[in-house]
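To keep things clear, I will list the structure first and then write my remarks on it.
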Amino acid sequence: MSPTARVEILRRLRDAGAARSAMVAVPREYRGPGVPPPHEPARGAREPGDLPRLLAGRLTDYGAMVRHGRVTDAPALIARALRASAARHVVVPDGLPAEWAAAAPDPLPDRPRLDIAELAAADAVITTVTVAIAQTGTLVLDHRPGQGRRELTLVPDVHLALVTRERIVAAVPDAVAAVDPLVPLTWISGSSATSDIETGPGSGCARSAAAGCHLAG
Amino acid sequence: MTGSVPPYAPRGAGYLRGEAPFPAAAQRALTDGQLRRNLRYATRTIREKREHAVAELPDWPQLRAAGAAIKDEVLAHLDDYLLELERQVTAHGGVVHWARDAHEANQIVTRLAAEAGATEVVKVKSMATQEIRLNEALAAAGISAVETDLAELIVQLDHDSPSHILVPAIHRNRTEIRDIFLREMPDVDPALTDDPVALAEAARSHLRRKFLTARVAVSGANFAVAETGTLVVVESEGNGRMCLTMPPVLITVMGIEKVVPTWRDMEVFLQLLPRSSTAERMNPYTSTWAGSVDGQAFHLVLLDNGRSATLADPHGRAALRCIRCSACLNVCPVYERTGGHAYGSVYPGPIGAVLTPQLTGVADQPTLPFASTLCGACYDVCPVAIDIPAMLVYLRSRVTADEADRRWLPTAEAAAMSGLAWTMRGRRRWTWALRAARLGGLLARPGKPITRLPGPLSAWTAFRDLPRPPRRSFRDWWGRR
């Protein structure tokens, strides 16, 4: 590192008038965390603020297959979702509940670490989520136990995400407040939209198809 | 303003100066009918979608006000926030580098890539690395840079330059893209059609190998959080995730104005940016990380390149609030007709017309502040409320003052304007001038506009008609009542 460049840029910024002005007050009058969002009619919603229905509607819009059930139904839901995607070889990260991992026809634990070729040969990966944002249909992963390192959800073509009720938040500010910015995060919200703006290609080049299970109770 | 004005982005490096001034480049672009059709379709589509995405949030005006204020606070204490960012990134195992200009940034990245033993690097679409023309600098050192964003890949394969901030190949349609792939991709299926899905699949298989073998990735950053050292990359295709995650070395180049004070500020920008740029509730993929992750080496390059000079101007510094959403391009009647290349800069459209001349100094881009009708649509859509029309007018005055400083004789326009000012200051002079103007009626047939003025005045009528002066002025009419 060149200390001269650092010193000079900082000097330029002070010459330019930075560091001499008063603190700018930020008006935070928008909808912050914990404030209920405006009612959005979700398909099949039974009441305003039915976040699981709103989330499921958004995920379906993105082309994901969504299934609902109780936590005790999880193994059966997983097995059905994997069958529907014709997925046999399924990556199961450390920390995923053993009975969920066992629902895969051929579970591949990431221990010892799977190499790239093994990941590329896998059909799917199962993870939990840190939070899911109903308003935007976003799944946020922090890659802690149950979600695995970032490569696991990147290489296989199908991502099966298990979302429990208490992980669903209303909107973006709730998610920002709920996650730890010091650990790597991946926010996933459907497929590419730049393409049809451009009159050109369909979906993004590097995306994997998503399937989700929402678990109540 | 105190002290001396910091240096502008240097000449001879980067993509901030075009080969031709805007009027000449625009005239060329306007003759390309295919380009105009592609642009009209694309900008119209995204404009409509964006309106829906924004209308869905009732608190959009409040988010916009917060976004503007957060950025103003950053600019007011930029040195403090950069130092805090450096402390946090370093504390989490990253290495921070400072680059005064494009040359220095290119040298740093080239050296880091060479030290990692790379002959090929994969790239995430980034405005900062386009601004410094990093790919060319790497190529000169024998390192090839592979663009992994689909549109950026199209532009790269075509040996072309991007023409839009968000959709760099907006000037191409899918048949043209198919032809580029057939010509430039070594192992492409010769029977490739122009079906969008087939084109995406061709690019996917072309890129997949690159992702898995590259030793070094280079990215930009949409935001960097000073408080935590968290870097944020917002993208659509997932190629960014690949680059940020797979290679053992990651180098991120970001403009110094991309820092934000706190993690909480992301609750504002993660709503403003996707809805304003791609018209989505949320962009498909967002990656965040602080420092080195899972043993990956992480380098952060902080780029000035004319930003501190922009900061030094209190009337122009708000251009540094820009979060590169490109909404102003899509609503601009001038951009929609000329496309991005006419602006001669990596930053086209209304934001480019105010940002580029400040990064280079107005002397090097004197025509850009005039590349606008001042209709104000850009200000209306800007998610951080940059008053682009007011800034354009201000920069026009800087161009005029700059021309006056450099010339021994005033320009014809300046002479005419100061003559007009003198005439309008005296009542008699003005009355006389209005009567004399009637003579101008001789230059056109009754009822027709004047299409060509004589002598040096012809410059005025080169691009516009002049209405034929009325037989009697308002003052004459009023005086006789």
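The values are calculated or read from the model by the stated rules, or taken from the named source; none is laboratory data. Small disclaimer: the values here were computed from a predicted structure and weren't measured. Every residue, glycine as well, gets a Cβ built from its backbone with ideal geometry; the counts of neighbours run over all protein chains shown.
When the residues of region A:159-217 are filtered to those that are within 14 Å of chain B (Cβ to nearest Cβ) and at positive phi, which remaining residue is modelled with the highest pLDDT?
A:GLY190
Assess whether B:ALA363 counts as being free of Cβ contacts under 8 Å to residues at least 12 places away in the same chain and aliphatic (A, V, I, L, M).
Here the answer is no, as B:ALA363 does not meet what is asked.
Considering B:ASP189, B:ASP194, which residue is surrounded by fewer than 16 Cβ atoms within 10 Å (Cβ to Cβ) and not aromatic (Phe, Trp, Tyr)?
Of the residues listed, the single one that is surrounded by fewer than 16 Cβ atoms within 10 Å (Cβ to Cβ) and not aromatic (Phe, Trp, Tyr) is B:ASP189.
Might you let me know whether region B:439-447 holds any residue that is at negative phi, at pLDDT below 80 and among the basic types (Lys, Arg)?
Yes, region B:439-447 contains at least one residue that is at negative phi, at pLDDT below 80 and among the basic types (Lys, Arg).
I need the strands (runs of 3 or more DSSP E) fully contained in region B:209-294, keeping only those with at least 2 residues that are crowded, with 23+ Cβ neighbours inside 10 Å and more than 7 Å from chain A (Cβ to nearest Cβ).
B:216-219, B:230-235, B:249-255
Out of everything in region B:424-481 that is among the hydrophobic types (A, V, I, L, M, F, W, C) and in a loop (DSSP other than H, G, I, E, B), what residue ends up being farthest from the chain's Cα centre (by Cα)?
Checked region B:424-481; the qualifying residue farthest from the chain's Cα centre (by Cα) is B:ALA444.
A quick yes/no check of all residues on (1) at pLDDT 90 or above; (2) on the phi > 0 side of the Ramachandran plot:
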| site | (1), (2) |
| --- | --- |
| B:THR2 | no, no |
| B:PRO6 | yes, no |
| B:GLY12 | no, yes |
| B:TYR15 | yes, no |
| B:GLU19 | no, no |
| B:GLN27 | yes, no |
| B:LEU30 | yes, no |
| B:GLN34 | no, no |
| B:ARG50 | yes, no |
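Using beta carbons and a limit of 6 Å, which pairs, at least six apart or on different chains, have the first residue in region B:147-170 and more than 8 Å from chain A (Cβ to nearest Cβ) and the second one acidic (Asp, Glu) and surrounded by 24 or more Cβ atoms within 10 Å (Cβ to Cβ)?
So the pair list comes out as B:LEU153/B:GLU147; B:GLN156/B:GLU147.
Within region B:1-56, track down each residue that is surrounded by fewer than 16 Cβ atoms within 10 Å (Cβ to Cβ) and among the aromatic types (Phe, Trp, Tyr).
Scanning region B:1-56 gives a single hit, B:TYR41.
Just checking, which of B:VAL89, B:VAL96, B:VAL74 is at pLDDT 95 or above, more than 9 Å from chain A (Cβ to nearest Cβ) and at negative phi?
B:VAL89
Output the number of residues of region B:187-207 satisfying the condition of being more than 8 Å from every other protein chain (Cβ to nearest Cβ), of a type in the set (D, E, K, R) and assigned to a helix (DSSP H, G or I).
1
Within region B:295-311, restricting attention to residues that are assigned to a helix (DSSP H, G or I) and more than 7 Å from chain A (Cβ to nearest Cβ), which residue is nearest to A:VAL183 (Cα to Cα)?
For region B:295-311, the residue satisfying everything is B:ARG307.
Residues in region B:102-139 that are surrounded by fewer than 20 Cβ atoms within 10 Å (Cβ to Cβ), in contact (Cβ under 8 Å) with a residue 24 or more places away in the chain and of a type in the set (Asp, Glu): how many?
1
Hey, could you check region A:120-144 for residues that are within 12 Å of chain B (Cβ to nearest Cβ) and surrounded by fewer than 21 Cβ atoms within 10 Å (Cβ to Cβ) and say which is nearest to A:VAL183 (Cα to Cα)?
Taking the candidates together, the pick is A:ASP142.
Would you please name the residue that is nearest to A:MET23 (Cα to Cα), looking only at residues in region B:25-74 that are in a helix (DSSP H, G or I) and among the hydroxyl-bearing types (Ser, Thr, Tyr)?
B:THR43
What are the residues in region B:434-475 that are under 18 Å from B:LEU420 (Cα atoms), in contact with a helix residue (DSSP H, G or I) (Cβ under 7 Å, 6 or more places away or on another chain) and surrounded by fewer than 13 Cβ atoms within 10 Å (Cβ to Cβ), if any?
B:PRO456, the sole residue that qualifies.
Does at least one position in region A:18-25 carry a residue that is in contact with a Gly (Cβ under 8 Å, 6 or more places away or on another chain), at pLDDT below 95 and part of a loop (DSSP other than H, G, I, E, B)?
No, every residue in region A:18-25 fails to be in contact with a Gly (Cβ under 8 Å, 6 or more places away or on another chain), at pLDDT below 95 and part of a loop (DSSP other than H, G, I, E, B).
Does A:LEU114 fit the bill of being within 14 Å of chain B (Cβ to nearest Cβ) and surrounded by 13 or more Cβ atoms within 10 Å (Cβ to Cβ)?
So A:LEU114 passes the test.
Kindly establish whether B:ILE323 is under 30 Å from B:ASN173 (Cβ atoms), touching a Cys at 6+ places or on another chain (Cβ under 7 Å) and not hydroxyl-bearing (Ser, Thr, Tyr).
Criteria not met by B:ILE323.
Given the condition small (Gly, Ala, Ser) and either touching a Leu at 6+ places or on another chain (Cβ under 9 Å) or under 21 Å from B:VAL218 (Cβ atoms) (or both), answer yes or no: does some residue in region B:171-194 qualify?
No, because not a single residue in region B:171-194 is small (Gly, Ala, Ser) and either touching a Leu at 6+ places or on another chain (Cβ under 9 Å) or under 21 Å from B:VAL218 (Cβ atoms) (or both).
Output the qualifying pairs, or none if there are none: Cβ atoms under 6 angstrom, residues six or more apart or on different chains, first residue in region B:420-433 and closer than 17 Å to B:GLY479 by Cα, second residue of a type in the set (A, V, I, L, M) and loosely packed, with under 12 Cβ neighbours inside 10 Å.
Note: pairs meeting the criteria are B:TRP430/B:MET424.
What about B:LEU374, is it touching a helix residue (DSSP H, G or I) at 6+ places or on another chain (Cβ under 6 Å), within 30 Å of B:LEU63 (Cα to Cα), part of a loop (DSSP other than H, G, I, E, B) and modelled with pLDDT of 85 or more?
Yes: the conditions hold for B:LEU374.
One residue is enough: does region B:298-307 have a residue meeting the conditions aromatic (Phe, Trp, Tyr) and within 22 Å of B:GLY14 (Cβ to Cβ)?
no
Residues that are over 19 Å from B:PRO186 (Cα atoms) and of a type in the set (S, T, N, Q): which helices (runs of 4 or more DSSP H) entirely in region B:122-163 hold 1 or more of them?
Counting at least 1 such residues, we get B:127-131, B:134-140.
Name the pairs whose Cβ atoms lie under 9 Å apart, with the first residue in region B:1-17 and away from chain A (no Cβ under 14 Å), the second at pLDDT below 90 and part of a loop (DSSP other than H, G, I, E, B), and 6 or more positions between them or separate chains?
B:TYR15/B:SER161; B:TYR15/B:PRO162
Could you grab me the full set of residues in region B:140-175 that are out of contact with any strand residue (DSSP E or B) (no Cβ under 7 Å at 6 or more places or on another chain), farther than 23 Å from B:GLY18 by Cα and surrounded by fewer than 17 Cβ atoms within 10 Å (Cβ to Cβ)?
Result: B:ALA141, B:GLY142, B:THR175.
Given the condition within 10 Å of chain A (Cβ to nearest Cβ) and either aromatic (Phe, Trp, Tyr) or out of contact with any Lys or Arg (no Cβ under 8 Å at 6 or more places or on another chain) (or both), answer yes or no: does some residue in region B:24-39 qualify?
The answer is yes; a qualifying residue exists.
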